[in-house]
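Asks: What follows is a single structure, and I will ask about it in a moment.
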Amino acid sequence: MTALTPGRGQAMRLAIAGRFAPLAARWKAFSATRFGSIVARTLGTNGAWIFLLLVALMFVFNFLAPGKFWTEFNVRTMAENVSVLLVIAVGETFVMATGGIDLSVGYVLLFSGVTSAQAMNWGGHDPTNSGWDIVLLGLAVALGSGLGWGVLNGLVVAKAKVPALIATLGTLGMSWGLAEILSNGQDLRYLPSIIGDMGTGRVFDKIPFVVIVAILVAVVGGVTLNLTRFGRYTLAIGSNQEAARRAGINVDRHLIKVYAMSGMLAGFAGFMSLAIFTTTTISGHANDNLQAIAAVVIGGTSLVGGVATVVGTTIGVCIPMVLFSGFTILGYQSFWRDVAVGAVLILAVYADQLRRRRRERR
Amino acid sequence: MAEPLLQARGIVKHYGHVEALRGCDFDVYPNEIVALVGDNGAGKSTLIKILAGSEQADEGEISLEGQRIHVGSPFEAMRLGIETVYQDLALAPDLDGSANLYLGRELMQPGILGKLGFLDNRSMRAGARKAFGELGVDLQNAQSAVANLSGGQRQSVAVARSVAWASKVVFLDEPTAALGVIQTARVLETVKRIRDRGVAAVLISHNMRQVLEVADRIEVMRLGRRVARFDAKKATIEQLVSAMTGGIAEEGAA
Ligand SMILES: Nc1ncnc2c1ncn2[C@@H]1O[C@H](COP(=O)(O)OP(=O)(O)OP(=O)(O)O)[C@@H](O)[C@H]1O
Ligand SMILES: [Mg+2]
């Protein structure tokens, strides 16, 4: 542990801490109440702050662009655009909760979309008017492709003990390359019209199917992480892998399951992406992995594992989207989003570091 | 004397060039508290880790109730009724006390919910409150992560965890090192209570007065070997110290 050098840095930190102390104290008192503790645990450690940040951003953009930002159309567009990302970010949350990382998700998504589309085009037949059998075949191939990559990631990390960063960087390259080879770099555009209908369909004419599906995935993910043994083991492994092993948990098998789940969700996201864009969008997923990781980290999941919430991740997915939409509506270059997201990301990790340091000093 | 409950013979363990154990023997008899003492680096923790399955011996035999056993993993040890409080505690710091107490043995919701993997946190918390209460630990905020507890409270969590589950032997590697007076007394009381329940306890400690007070027997290690055994009622601190530091001839060598 590096010792804190007393001086300007510390003085500033203290001043900042002092400014926020009343707020922090009030939050602490609130989270000691029964209701408060439920809220606090749902939001996680960073959760309260980033939730406030999200709300504040929405207010600011609504104030700066009245009648443009906070419209049904814009909210729906934003929700639609984050739905695919949310699905892979849920899987990434579990991986990062174990103290790992999955860099491959964006390209596994792409690979699964390509194999799924090709399966539906099998034998050169035009699937446009195909029925549910072909659609389900496509879904199964997408899920299976993702699962395969996920299991491979899990085996390499858990059994071969290759660090997750490198293991999933390797499968990133492999899935990307194979997706390009299989598709010859050409987007496949012939898909069953049922799939397109799913992508554009809405409940009550308002809420897109894909958004509902993504929310369902997030709810199931959140419940699994917080209320089930699977989630408990995930957090225990991230918290202290050796302790989990000594407690009799089969750590290797659990890690394989977690990476497999992340891969399978990426495969599912690939199928969702086919539904939304009705094509394989080969060049459209270059940053998905980094966006998912950023969302998870902004959402308060600790980089070293052990602490994670899916609610946080959901907020972490929304913040970049709100920034993007807001900047675009205000006429700024959308690259300002990347600048802002980068800053938020660093702040989120800094907050996590501060928390850990405080803890270790005891 | 009765048959040993747990017996280790000729255990050898290398870490690279370091020979942590060089043919170490060790015996635990039923219904006893046996203290394992020795200087820093004598190999006590290494021996415990091997008997508890978290490390593998290079050579040697282990038997439980006369049967040769292979303790390939902590899980196998736990299944045999062997529990351990490790010197480094081995808790999951981000989880709360009850999650740690039940880690690997979670209580599930009844019925279909349990089949789906849902935890019964309420029952686990109630069980944890009782287990910690017996050790004299009052966790003000039972839902607080273990990392936020004091060193002594953390140690109590680890002790509670192993005594709650042990059915044959419990190893305690310096379980009172960070504890206050009251909590130390409670842990030692607990160790006596589990002995009376029929569970043997192996206590590693550097506190010779404590050892003489609670142990029934004492085994002394030096440089990776067992060098002496004492009846705690007859031993003196001087004898223990001289065995630990090589003042007397090695067992078997004489
Ligand atoms: N993982 C390891 N890698 C390398 N050497 C080790 C390892 N574990 C233990 N050793 C070495 O084995 C020897 C015995 O260590 P051990 O921890 O068993 O001693 P100990 O009797 O428990 O001491 P203490 O009273 O200080 O806890 C020491 O020389 C130590 O350096
Ligand atoms: Mg030791």
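Asks: Among B:146, B:202, which is the only one that is open to solvent by less than 10 Å² (accessible area, probe 1.4 Å), in contact with a Leu (Cβ under 8 Å, 6 or more places away or on another chain) and closer than 26 Å to residue B:63 by Cα?
Replies: Sole residue among the options that is open to solvent by less than 10 Å² (accessible area, probe 1.4 Å), in contact with a Leu (Cβ under 8 Å, 6 or more places away or on another chain) and closer than 26 Å to residue B:63 by Cα: B:202.
Asks: Of the residues that sit in the range B:14-36 and are near ligand 1 (Cβ under 9 Å from one of its atoms) and open to solvent by less than 10 Å² (accessible area, probe 1.4 Å), which one is nearest to residue B:167 (Cα to Cα)?
Replies: Only one residue tops the list, namely B:36.
Asks: Please find, among A:33, A:42, the residue that is hydroxyl-bearing (Ser, Thr, Tyr), surrounded by 11 or more Cβ atoms within 10 Å (Cβ to Cβ) and modelled with pLDDT under 60.
Replies: A:42
Asks: Output the number of the condition that residue B:99 fails; it satisfies all remaining conditions of (1) at the interface with another protein chain (Cβ under 8 Å from one of its Cβ atoms); (2) on the phi < 0 side of the Ramachandran plot; (3) surrounded by fewer than 19 Cβ atoms within 10 Å (Cβ to Cβ); (4) not charged (D, E, K, R).
Replies: (3)
Asks: Would you mention how many residues in the range B:102-111 are open to solvent by less than 30 Å² (accessible area, probe 1.4 Å) and of a type in the set (A, V, I, L, M)?
Replies: The number of residues fulfilling the criteria is 1.
Asks: Any idea which of (1) within 14 Å of chain B (Cβ to nearest Cβ); (2) out of contact with any helix residue (DSSP H, G or I) (no Cβ under 8 Å at 6 or more places or on another chain) is the one residue A:216 doesn't satisfy?
Replies: Every listed condition holds for residue A:216 apart from (1).
Yes/no matrix, rows are residues, columns are (1) among the charged types (D, E, K, R); (2) within 16 Å of ligand 1 (Cβ to nearest atom); (3) farther than 28 Å from residue B:41 by Cα:
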residue	(1), (2), (3)
B:115	yes, no, yes
B:124	no, no, yes
B:133	no, no, yes
B:146	no, no, yes
B:154	yes, no, no
B:158	no, yes, no
B:178	no, yes, no
B:182	no, no, yes
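Asks: Let me ask something additional. Would you check if there is a residue in the range B:30-46 being within 14 Å of chain A (Cβ to nearest Cβ), within 12 Å of ligand 2 (Cβ to nearest atom) and not basic (Lys, Arg)?
Replies: Narrowing the range B:30-46 to residues within 14 Å of chain A (Cβ to nearest Cβ): B:45.
Of the ones still in play, those that are also within 12 Å of ligand 2 (Cβ to nearest atom) are B:45.
Checking which are not basic (Lys, Arg) leaves us with B:45.
The answer is yes; a qualifying residue exists.
Asks: So residue A:227 ticks every box in (1) away from chain B (no Cβ under 14 Å); (2) aliphatic (A, V, I, L, M); (3) over 15 Å from the mean Cα position of the chain (by Cα) but one. Which box is left unticked?
Replies: All conditions pass for residue A:227, except number (1).
Asks: Here's another thing I want to ask about it. Keeping to the range B:138-179, report how many residues are at pLDDT 80 or above and among the small types (Gly, Ala, Ser).
Replies: 11
Asks: Further question: Looking for something more than 17 Å from the chain's Cα centre (by Cα) and more than 16 Å from ligand 1 (Cβ to nearest atom) - is there at least one such residue anywhere in the range B:42-63?
Replies: Among the residues of the range B:42-63, at least one is more than 17 Å from the chain's Cα centre (by Cα) and more than 16 Å from ligand 1 (Cβ to nearest atom), which makes the answer yes.
Asks: Additional query: Find the strands (runs of 3 or more DSSP E) located wholly in the range B:162-254 whose residues include 3 or more that are within 26 Å of residue B:135 (Cα to Cα), and list them.
Replies: Counting at least 3 such residues, we get B:169-173, B:200-204.
Asks: Can I ask one more? State which residue is surrounded by the fewest Cβ atoms within 10 Å (Cβ to Cβ) when the search covers only the range B:149-176 and only residues that are of a type in the set (A, V, I, L, M) and under 17 Å from residue B:49 (Cβ atoms).
Replies: By that ranking, first place goes to B:166.
Asks: Residue by residue through the range B:1-12, note down the ones that are closer than 22 Å to residue B:246 by Cβ and open to solvent by 20 Å² or more (accessible area, probe 1.4 Å).
Replies: Within the range B:1-12, just B:10 meets the criteria.
Asks: Could you check the range A:230-270 and list, in sequence order, the residues that are facing chain B (nearest Cβ under 8 Å), over 20 Å from the mean Cα position of the chain (by Cα) and open to solvent by 40 Å² or more (accessible area, probe 1.4 Å)?
Replies: A:240, A:242, A:245, A:250
Asks: So residue B:54 clears everything in (1) away from every other protein chain (no Cβ under 11 Å); (2) within 16 Å of ligand 2 (Cβ to nearest atom); (3) of a type in the set (S, T, N, Q); (4) open to solvent by less than 50 Å² (accessible area, probe 1.4 Å) except one condition, right? Which one?
Replies: (1)
Asks: Here's another thing I want to ask about it. In the range A:312-358, which residue that is open to solvent by 60 Å² or more (accessible area, probe 1.4 Å) and touching a helix residue (DSSP H, G or I) at 6+ places or on another chain (Cβ under 6 Å) is farthest from residue A:231 (Cα to Cα)?
Replies: In this case the residue turns out to be A:336.
Asks: Evaluate the following for residue B:23: is it within 16 Å of ligand 2 (Cβ to nearest atom) and small (Gly, Ala, Ser)?
Replies: No; evaluated as a whole, the condition is false for this residue.
Asks: Name the single residue, out of those in the range B:74-96 being over 19 Å from residue B:178 (Cβ atoms), of a type in the set (A, V, I, L, M) and within 10 Å of chain A (Cβ to nearest Cβ), that is farthest from the chain's Cα centre (by Cα).
Replies: Only one residue tops the list, namely B:95.
Asks: From B:172, B:188, which residue is of a type outside the set (S, T, N, Q), on the phi < 0 side of the Ramachandran plot and within 16 Å of ligand 1 (Cβ to nearest atom)?
Replies: Values: B:188 fails: within 16 Å of ligand 1 (Cβ to nearest atom).
Being of a type outside the set (S, T, N, Q), on the phi < 0 side of the Ramachandran plot and within 16 Å of ligand 1 (Cβ to nearest atom) holds for just one of B:172, B:188, which is B:172.
Asks: Something else: Using beta carbons and a limit of 9 Å, which pairs, at least six apart or on different chains, have the first residue in the range B:65-86 and of a type in the set (Lys, Arg) and the second one in a strand (DSSP E or B)?
Replies: Every condition considered, the pairs that remain are B:68/B:61; B:68/B:62.
Asks: For the range A:224-289, please list each of the helices (runs of 4 or more DSSP H) lying entirely inside it that holds at least 1 residues being touching a residue at least 40 places away in the same chain (Cβ under 8 Å) and among the acidic types (Asp, Glu). Walk me through how you get there before you give the answer.
Replies: Numbers: elements: A:229-239, A:241-246, A:251-277.
By residue number, A:251-277.
Asks: Another one. Limited to the range A:276-292, what total is found for residues that are closer than 18 Å to residue A:346 by Cβ and open to solvent by 20 Å² or more (accessible area, probe 1.4 Å)?
Replies: Counting residues in the range A:276-292 that are closer than 18 Å to residue A:346 by Cβ and open to solvent by 20 Å² or more (accessible area, probe 1.4 Å) gives 3.
The values are calculated or read from the model by the stated rules, or taken from the named source; none is laboratory data. Small disclaimer: the values here were computed from a predicted structure and weren't measured. Heads up, the Cβs are rebuilt from the backbone with ideal geometry, glycines too, and the neighbour counts pull from every protein chain shown. Only protein heavy atoms, including side chains, enter the accessible area calculation; ligands, DNA and RNA are left aside. Shrake-Rupley method; radii C 1.70, N 1.55, O 1.52, S 1.80 Å.
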